[in-house]
Amino acid sequence: MKNLYQNLSKVIILFLVMIVPMVNYAQTTIVEKKADDAKTEKAAARMNTAPTHTYWSVTLFGGANQFNGDLSKNLFLNDKWKFGAGAMVTRQFTRVIGTRFKFGWAPLTSTVKGKFVPGANPDPTTGLAGDYVNQSFTSYVLEGDVHATINFVNWIAGYKPERFFSSYLILGVGLDHTQGSRTNDLDLTTLGYLGYPTHKGPDNLGYGNNSGIGNWNLELKATAGIGFDFNLNQHWSINPEILWRWRDGDVLDLTPGGVMEVKNDMYSGINLGLTYKFAYGGCSIKQMEKDYALVKFETTPAVLVEKGDSVLVTVKGTFPPKYFCPKAVMIFEPVLKYEGGTYTLKPITLKGEKIAGDGIMIPYKEGGSFTYSMVFPYKPEMAVSELVVAPLIYDAKDKIIPSKDEIKVKAKYAILPERSLAPGIIHTPTRIALDMIPAIAEHGYQKEVITTKAATLFFRINLFKWEPKFGLNKTQEAQDALAQLNLFVNQGWKIKNVTIDGWASPDGEETFNVGLSENRAKTGNAYMMDQFRNFVKEAQKANKNKKEVKAKLDSAGMEVTFVVQSHGPDWNGFLNTIKTSDVKDKDKIMNVINSAGDNLKKEQEIRNMIVIYPEIEEKMLPPLRRAEITANLYEPRRTDEQLSKLAISNPDSLKVEELLYAATLTTNNDTKLTIYENAARIYPENWKAHNNAANANLVKGNLDAAATHLQKAATLAPNNGIVENNLGVLYAKQRDYVKAEDHFKKAQKLGENENYNIGVLMIPKGDYAKANSMLANSKCTYNLGLAQLVSGDNAAAQTTLTCAPQTPETAYLLAVIGARTNNTKMLYDNLVKAVADPKLKDEAKKDREFYYYANTQDFKNIVQ
């Protein structure tokens, strides 16, 4: 017996040494295969419909059995095999422990030839007590056992429902009902019986009891063995087993302490079973916790994306069949973890079929799914983060418990292992360039200014000779106008032209009036020519160098362009004079004249009216008999060079328009700022000066100074589109996009073109379609490229950014396009350019746009 145990121990140790590495290898292979197969629907279906580890099963088996005892040729391996069969019912309680009931038929036989068996009678020749035997026996065993099974593969490697191979140890006890006989092979006589009602064996042999059913021999036994489980599918498996059975007696071969000196009989066997597994169950919170790996979560998008200062996350959860217990409840509550804080998203409740109350019901038998969608506010510190979930499950019995604290007091619960849902948040839409266009108020300066003076010569009726002492010519107003005109023309300014317009009153014959007005214009022209000649003479008298004076005067005066025009009778002037007069019946007069028909009849009506209304001739017609003289002169202007110098050295000497114009003559931002600040200081009540000073400060990044000037400009010029635009630019640079948009829209209503400025703000706002529309005319700009990128149009974005000014920020966006399109050359080439800016290098290390490349050596080499 001692040798038997030693040999058995060696076999078990050898088996474990061989099987454990194989299990680990199989586990690794399965995991790797699962990762590969997860891409196929077949593998996904297999994993999502896998059973739980508790079940009932029925096994039918057949096998070969051998006797290992006194009357056997070899103790460990006999050459006599008998085939038997049986059935088992198994209950698997956990992934490791199971219990089964076995019922079997195990025929046994063995033969011993020419072996010395010690005995009581000494041999007369040798003196040895005993005899040589040639015997055999045959027995029939009905087995009834209870076994415990220990699945050491699940114990060591963990439960995997998709595992094809598994192995378990068998330990048990049972009862054997046995009937058999022993035969002397030399003379074929029966030496003894076991389990026969009529043949209880020779009394001197002292064989065991016959207390079993039908007086068969009944004995206790212990069983040990090892089994193998080859899973064909969810329900069927093949089970080879090796078993050893030790009986509590030495009567099976009717040879007590026989040839092998074994005190207790043993028999072994190899069985091959076909098992059907059913009634998977045992649903519990503990089981749900253990099988949590079977639950699948799929997050869309895989990496979260900021849009309009918010983040939308959608998680689809899938539960396999027979996972979600009918009386269980799960609280699904994602949490965003980031440096310095966490943000807990709104939870949802998932419930089993037998739970009352609100929640998403998940069937037990078929399994089910849910979709969780939530929008939460984005903060910049959330960019480097992880969205996780550790669901809480509890046994609700029949209704939902409202609070977590109450759950932990009243129910059996478990907090499932934390699972990652998403690795962070892409925030590319926030990468706008704050290049909104500020507006400059027009300076109002005119490099060429025409100044005008006018005077009138009045004439007698039907005459074109000018008489200074006649009528209206004698008035102080007419004389002062002529004097001022002469002084104006003779002050030395460059003359553009002098226009003379001749008119006649409409009371005369029309053809005559046309000639009369032409002659009156000529009289006016002659008058101006005389004035220029007098001016030359007076200038020569005052200056000894008469030739030089004459040359200058000739240049100023003799090259003057005279525009002489005649207009005939002044009908419009006459009618306007009557309309504005206080003459009696003026409306009647105008109606009569307007309805008279042609000019000839009108002239006759006027003559008729003069008889009735003498004030027409006395007051209304004389002012119409005239020649109007108008001189247009160029006002002297400083040169651009002079203005530029004075704006810095002596700004107080310049008008506000000159200062504002001088600022446009330089491209140096510091110089611009100085000039505009001087303009605002010298002319504090001029809104343009403050607006343009604010503009220069915006360019320089002096936001506080810009704000001060814009507040003043807004006070001086309320509801001014230019000021409103610049207030929008100010708030945009302060990253207050809401106020910025408000001011841009107000400026737009006041007539300003705000397409670009508003379009840029539509990107962080999340309205990408509007951003692309409003920026469409801004070709080859960074912000247009960004709008196209966040809209998902990678090709258009690449085209736009390639022709945009090449800055590190532009290169960064091109690197993002490379990452999104799996173009590693584009990614790495542009990232090298982008990280020339140390700030962008730090951002690239954490940017989730590069999440799938962050661990590559090429990426690390660039950003380290």
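The values are calculated or read from the model by the stated rules, or taken from the named source; none is laboratory data. These figures come from a predicted structure and were not determined experimentally. When we count neighbours, we look across all protein chains shown, and the Cβ atoms used for this are built from the backbone with ideal geometry, even at glycine. These accessible areas exclude ligands, DNA and RNA; they are computed on the full protein's heavy atoms, side chains included. Shrake-Rupley method; radii C 1.70, N 1.55, O 1.52, S 1.80 Å.
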### Query
How much length is gained on full extension from GLU467 to VAL146, taking 0.36 nm per residue of separation minus their Cα-Cα distance?
100.5 nm
### Message
Can you give me the accessible area per residue for the chain, using a 1.4 Å probe, in Å²?
### Response
50 Å²
#### Entry: Accessible area of MET528 in the full protein assembly, 1.4 Å probe (Å², nearest 10)
0 Å²
## Note on the structure
Computed about the Cα centre, the charge dipole of region 392-447 from +1 Lys/Arg and -1 Asp/Glu charges at the Cβ has a magnitude in debye, to the nearest 20, of 280 debye
### Message
So, taking all protein chains as they sit and a 1.4 Å probe, how much accessible area belongs to LEU487, in Å² rounded to tens?
### Response
130 Å²
### Query
Relative contact order, percent, of the chain when contacts are C-alpha pairs under 8 Å separated by at least 6 residues?
8 percent
### Query
Using unit Cβ charges (K, R positive; D, E negative) and no other charged atoms, how large, in debye to the nearest 20, is the dipole of region 716-834 about its Cα centre?
120 debye
### Message
List the chymotrypsin sites (Phe, Trp or Tyr not before Pro) within region 429-472 that DSSP assigns to loop and that have no more than 16 neighbouring Cβ atoms inside 10 Å.
### Response
PHE470
### Query
By how many nm would the segment from CYS780 to TRP571 lengthen if fully extended, with 0.36 nm per residue of separation less the alpha-carbon distance?
69.1 nm
### Query
Summing Lys, Arg as +1 and Asp, Glu as -1, what charge do residues with Cβ under 11 Å from the Cβ of GLY317 carry, GLY317 excluded?
+2
### Query
When all protein chains stay in place, what accessible area (Å², nearest 10, 1.4 Å probe) is found for ARG460?
100 Å²
### Query
How do MET88, MET374 stack up against each other in accessible area, from largest to smallest, with a 1.4 angstrom probe?
MET374, MET88
### Task
Using the Kirkwood radius over Cα pairs, work out the Stokes-Einstein diffusion coefficient for region 372-411 at 20 °C and 1.002 mPa s, in µm²/s as a whole number.
160 µm²/s
### Query
Counting other Cβ atoms within 10 Å, which GluC sites (Glu not before Pro) in region 608-708 have at most 16 and lie in a DSSP loop?
GLU685
### Query
Just going by the charge dipole of the chain, with Lys and Arg at +1 and Asp and Glu at -1 on Cβ, which of GLY515, ALA328, ASN231 is farthest out on the positive end?
GLY515
### Task
Would you mind checking LYS496/LYS537; LYS160/LYS399; LYS379/LYS825; LYS80/LYS277 for any pair whose Cα atoms are more than 29 angstrom apart?
LYS160/LYS399; LYS379/LYS825; LYS80/LYS277
### Message
If I compute solvent accessible area with a 1.4 Å probe over the protein chains, what percent of it on region 395-483 is carbon and sulfur?
### Response
54 percent
### Task
Give me the net charge of LYS221's neighbourhood, meaning all other residues with Cβ under 10 Å from the Cβ of LYS221; Lys, Arg count +1, Asp, Glu -1.
-4
### Task
Could you order SER773, SER385 so the one with the most accessible surface comes first? Probe is 1.4 Å.
SER773, SER385
### Message
As I understand it, the dipole of the chain uses +1 on the Cβ of Lys and Arg and -1 on the Cβ of Asp and Glu, about the Cα centre. Which of ILE758, LEU312, ALA302 lies farthest toward its positive end?
### Response
ILE758
## Note on the structure
Under the 7 Å Cα-to-Cβ spin-label approximation, LYS586 and LEU312 lie apart by a distance in nanometres of 7.2 nm
### Message
Filter LYS700/LYS779; LYS346/LYS860; LYS712/LYS745 down to the pairs with a C-alpha to C-alpha distance above 27 Å, please.
### Response
LYS346/LYS860
### Message
Using the Cα centre of the chain as origin and beta-carbon charges of +1 (Lys, Arg) and -1 (Asp, Glu), tell me which of ILE432, ALA663, PHE859 is placed farthest towards the positive end of the dipole.
### Response
ALA663
### Query
Can you flag which of LYS354/LYS404; LYS453/LYS655; LYS307/LYS770; LYS365/LYS408; LYS579/LYS601 are past 18 Å Cα-Cα?
LYS354/LYS404; LYS453/LYS655; LYS365/LYS408; LYS579/LYS601
### Message
I'd like to know how region 333-484 sits against the 2.2 N^0.38 Å rule of thumb: what's its Cα Rg over that expected value?
### Response
2.97
### Summary
Calculated from DSSP helices alone, with each H run of at least 4 adding -39500 (n - 2.57) and the total divided by the residues of the chain, [θ]222 nm to the nearest 500 comes to -11500 deg cm²/dmol
### Query
Accessible area, 1.4 Å probe, largest first: how do TRP236, TRP503 sort?
TRP236, TRP503
### Query
In the chain, what is the volume of the convex hull around the alpha carbon atoms, normalised per residue and reported in Å³?
314 Å³
### Query
Taking the Cα centre of the chain as the origin, how large is its charge dipole in debye, to the nearest 20, when only Lys and Arg (+1) and Asp and Glu (-1) carry charge on their Cβ atoms?
560 debye
### Task
Please work out how much length the chain gains when fully extended from ILE238 to MET361, using 0.36 nm per residue of separation minus the C-alpha to C-alpha distance, in nm with one decimal.
40.6 nm
### Label-point separation, TRP155 to GLN864 (7 Å along Cα→Cβ), nm
4.7 nm
